[in-house]
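In what follows, a structure is listed as structure tokens, so that the remarks can point back to it.
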Amino acid sequence: MRIGILSAGGDCPGINAAIRGVGKTAIVEYDMDVVGIVNGFSGLVEKETIELNEQLLSGILTLGGTILGTSRLKPFKVVDGEDPQHKPGLIKKHYEELGLEALVCIGGNGTQKTANLLAQEGLNVVGIPKTIDNDIWGTDLTFGFDTAVHIATEAIDRLHTTANSHKRVMVIEVMGHHAGWIALHSGIAGGGDVILVPEIPYCLESVFDCLLERSRKKKPYSIVVVGEGIERASKKSAGAYIAKQIRKNTGLETRETILGYIQRGGSPTSTDRILATRFGAHAAALIHEKQFGTMVALRNGEITSIPLEEVGGKTRLIQPNNSLVLKGRHLGVCFGDCSEIKQKS
Ligand code: F6P
């Protein structure tokens with residue numbers, strides 16, 4: 001068999017481990033030919049490929065980013081009155097011309113949605129969930145997430161020492177798009193006093209009360225962890241907005257750090273390497289067994305697969321009864337709940 005692999009959407013550590021997992025399993029176990037598609041779906045539109053052999057797959061397990069490159073091209077999204085079938089038509093044509101018999105799509109929500117549409121057009125597709133946001137429906141975990149949490153936690157650890165030296169409130173904004181998984185996990189791991197996530201509506205008053213209470217108790221400093229996607233009445237970034245509101249309303253000396261793309265860079269953690277490798281190897285097995293129109297997933301510690309049509313258009317968000325949120329509340333972490341506002345005495 002001759003299979004294609006592409007990586008699309010935001011990059012993250014672990015993509016190369018997944019490419020290696022698919023490629024080496026396909027070559028070594030199933031004697032397949034492997035074609036790398038360059039820069040996500042645009043590589044299929046432009047017919048830009050590289051033959052992936054064992055030599056090219058060697059030494060990439062620990063490498064951040066993606067050796068194939070990526071893009072956020074959505075081929076089914078109509079642009080400037082273009083014929084809706086133009087790009088999908090080119091993809092199908094080039095898929096045939098390249099002699100592909102299956103296509104592995106490594107990506108986030110948008111990528112899996114496109115993969116499902118291509119499957120409905122008759123391509124043999126298997127998806128691999130990838131994102132630091134950890135917000136893909138149907139899998140308990142995506143690779144990229146553990147590395148991002150590790151990076152964010154290390155940054156929070158560093159903020160504790162400078163906050164303590166200056167007796168300041170330190171606000172750190174982390175990524176996650178519309179989901180708060182990175183903020184929640186790094187906030188708990190990093191000892192955050194306040195954790196704001198998009199899924200839990202917050203009241204600024206509640207945040208102020210928490211920080212002023214800590215100040216009254218002579219706590220030398222506070223750490224506020226903010227998911228970038230929280231609701232806010234401002235065009236400012238979430239971190240800058242929250243820091244400004246704290247300064248303005250509590251008088252506490254406050255600084256903000258926007259962690260940004262550092263969370264997407266560098267070598268993957270061992271957890272991400274292992275998960276990405278497991279996902280990649282399973283994708284190759286699904287192709288061998290001709291189980292197309294599926295996405296690999298981690299469910300209760302086991303690698304499995306689910307129909308791609310179940311994934312598209314959904315986002316896996318933090319539920320109100322999330323056990324880590326409950327444990328955080330019991331530790332005294334403030335999630336900004338409006339019910340926590342102290343009655344003005
Ligand atoms: O989806 C991963 C992610 O890093 C999000 O957390 C973030 O909001 C977004 O990508 C940034 O997108 P871009 O890389 O296009 O700036």
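The values are calculated or read from the model by the stated rules, or taken from the named source; none is laboratory data. Predicted, not measured: the structure shown is a model, and the values here were computed from it. Glycine gets a Cβ as well: all are built from the backbone with ideal geometry, and neighbour counts include every protein chain shown. Only protein heavy atoms, including side chains, enter the accessible area calculation; ligands, DNA and RNA are left aside. Shrake-Rupley method; radii C 1.70, N 1.55, O 1.52, S 1.80 Å.
Please calculate how many Å² of accessible area the stretch 79-152 carries per residue, with a 1.4 Å probe and no DNA, RNA or ligand atoms counted.
Values: 2480 Å² over 74 residues.
Result: 34 Å² per residue.
What is the distance in Å between the Cα centroid of the stretch 137-183 and that of the stretch 233-309?
Cα centroid of the stretch 137-183 versus Cα centroid of the stretch 233-309: 11 Å apart.
Work out, step by step, the length gained on full extension between Glu121 and Lys248: first 0.36 nm times the residue separation, then minus their alpha carbon distance; give nm to one decimal. Don't skip to the answer; put the middle values down first.
Values: separation 127, 0.36 × 127 = 45.72 nm, distance 5.51 nm.
Result: 40.2 nm gained on full extension.
Determine the gain in length on full extension of the stretch Cys338-Ser323; use 0.36 nm per residue of separation and subtract their C-alpha separation, reporting nm with one decimal. Before the final figure, lay out the partial values.
Numbers: separation 15, 0.36 × 15 = 5.40 nm, distance 1.99 nm.
This chain segment gains 3.4 nm when fully extended.
Which value in nm describes the separation of the simple spin-label points at Lys290 and Ser234, placed 7 Å from the Cα toward the beta carbon?
5.9
Sort 101-107, 186-192, 78-84 for me by packing, meaning the mean count of neighbouring Cβ atoms within 10 Å per residue, highest on top. It would help to have the intermediate numbers written out before the result.
Values: 101-107: 26.6, 186-192: 22.3, 78-84: 9.3.
So the order, starting with the most tightly packed, is 101-107, 186-192, 78-84.
Applying a 10 Å radius around every beta-carbon, put 275-282, 252-259 in order of their mean neighbour count, most first.
Working: 275-282: 24.4, 252-259: 18.1.
Averaged packing, sorted descending, gives the order 275-282, 252-259.
Estimate the FRET efficiency between Lys167 and Glu96 by the formula 1/(1 + (r/R0)^6), using the beta-carbon distance for r and 51 Å for R0, to the nearest 0.05. Write down the numbers at each step before the final one.
Numbers: r = 66 Å, r/R0 = 1.30.
Calculated value: 0.15.
With a 1.4 Å probe and all protein chains left in place, how much accessible area per residue does the stretch 196-345 have, in Å²? Intermediate results must be reported in sequence, preceding the final value.
Working: 7830 Å² over 150 residues.
I get 52 Å² per residue for this part.
Rounded to the nearest 0.05, what FRET efficiency is calculated for Asp157 and Arg299 with R0 set to 30 Å and r the Cβ-Cβ distance? Please list the in-between numbers first.
On the way: r = 32 Å, r/R0 = 1.06.
E(calc), rounded to 0.05, equals 0.40.
Output the DSSP H helices from the chain with an along-axis C-alpha extent of no less than 20 Å and a mean Kyte-Doolittle hydropathy no less than -1.0.
Values: long enough: 145-166 (31 Å, -0.21); 270-288 (27 Å, 0.36).
Qualifying helices, which must be both long enough and hydrophobic enough, are 145-166, 270-288.
When N counts the residues of the chain, how does its alpha-carbon radius of gyration compare numerically with 2.2 N^0.38 Å, as a ratio?
Details: Rg = 22.2 Å, N = 345, 2.2 N^0.38 = 20.3 Å.
This ratio for the chain stands at 1.10.
Search the structure for amide H atoms under 5 Å from the amide H of Gly127, placed 1.01 Å from N in the peptide plane, and list their residues when 5 or more places away or on another chain.
Cys105, Thr294, Met295, Val296
For Val35, list long-range residues whose amide hydrogen, built 1.01 Å from N in the peptide plane, is under 5 Å from its own amide hydrogen.
Close amide H contacts, sequence-distant or interchain: Ile3, Gly4, Ile5, Leu52.
Share of Cα-Cα pairs in the stretch 140-204 beyond 18 Å, in percent? Could the numbers behind the result be given before it?
Working: 751 of 2080 pairs.
It works out to 36 percent of all Cα pairs.
Can you divide the C-alpha Rg of the stretch 159-289 by 2.2 N^0.38 Å and report the result to two decimal places? Mind showing how you got there, number by number?
Details: Rg = 18.0 Å, N = 131, 2.2 N^0.38 = 14.0 Å.
Relative to the rule-of-thumb radius for its length, the stretch 159-289 sits at 1.29.
Hey, if we sort Asp337, Asp146 by accessible area with the 1.4 Å probe, largest down, what's the order? Don't skip to the end; give the middle numbers.
Values: Asp337 25, Asp146 50 Å².
The most accessible residue leads, giving Asp146, Asp337.
Got a number for carbon plus sulfur as a percent of the chain's accessible area, 1.4 Å probe? Write out the running numbers ahead of the final one.
Details: 7470 of 14920 Å².
Ligands and nucleic acids excluded, carbon and sulfur reach 50 percent.
Starting from the 7 Å offset along Cα-to-Cβ, what nm value, one decimal, do you get for the label separation of Glu310 and Lys219?
About 4.1 nm separates the two model spin labels.
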